[in-house]
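In what follows, a single structure is set out as structure tokens and then discussed.
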Amino acid sequence: GTGSDIDMFTLRVTSPGMLMVTSRGSSDVTARLLDSHGNRVAGNDDGGAGYNFGLNTPVKQGNYLLSVQHCCGGNGNYQIDTTLTPQ
């Protein structure tokens, strides 16, 4: 894709807890986590290793959208890792 592309991912959370979402790779990406109503829950740029994002936020059970976009007009591959620690 191009630097202006926004990749959208659906995350289904099955129980309340702390959700950690991180990217890895050589791309500079930023992320926003939205609830099912489109409200921003969390966002991050460069909070992970290197130029990767890292989110760590409390969540309730439900569906969420993760939007990921390359920063600064860049492009390239990246991977996303998710971990939910139930409360």
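Structural remarks
- Note on the chain: Cα-Cα pairs beyond 24 Å make up 16% of the total pair count.
- Each residue, SER36 and SER15, gets one label point 7 Å from its Cα in the Cβ direction; the gap between the two is 1.9 nm.
- Segment 14-87 - percent relative contact order, Cα under 8 Å, separation 6 or more: 47
- A simple spin-label model places the labels of THR83 and SER26 2.6 nm from each other, with each point 7 Å out along Cα-to-Cβ.
- Around SER23: net Lys/Arg minus Asp/Glu count, Cβ-Cβ under 15 Å: -4
- These residues, SER67, SER4, go from largest to smallest accessible area, 1.4 Å probe, as SER4, SER67.
- Modelled spin-label separation between ASP45 and THR57, with each label point placed 7 Å from Cα along the Cα-to-Cβ direction: 1.6 nm.
- In order through segment 14-28: 3J(HN,Hα) via Karplus (6.51 cos²θ - 1.76 cosθ + 1.60), integer Hz, x for Gly, Pro: 8, 7, x, x, 9, 9, 10, 10, 10, 10, 8, x, 8, 7, 8
The values are calculated or read from the model by the stated rules, or taken from the named source; none is laboratory data. Small disclaimer: the values here were computed from a predicted structure and weren't measured. Using ideal geometry, Cβ is built from the backbone for each residue, glycine included, and neighbour counts are taken over all protein chains shown. Quick note on the areas: whole protein, heavy atoms, side chains included, nothing else; ligands and nucleic acids left out. Shrake-Rupley method; radii C 1.70, N 1.55, O 1.52, S 1.80 Å.
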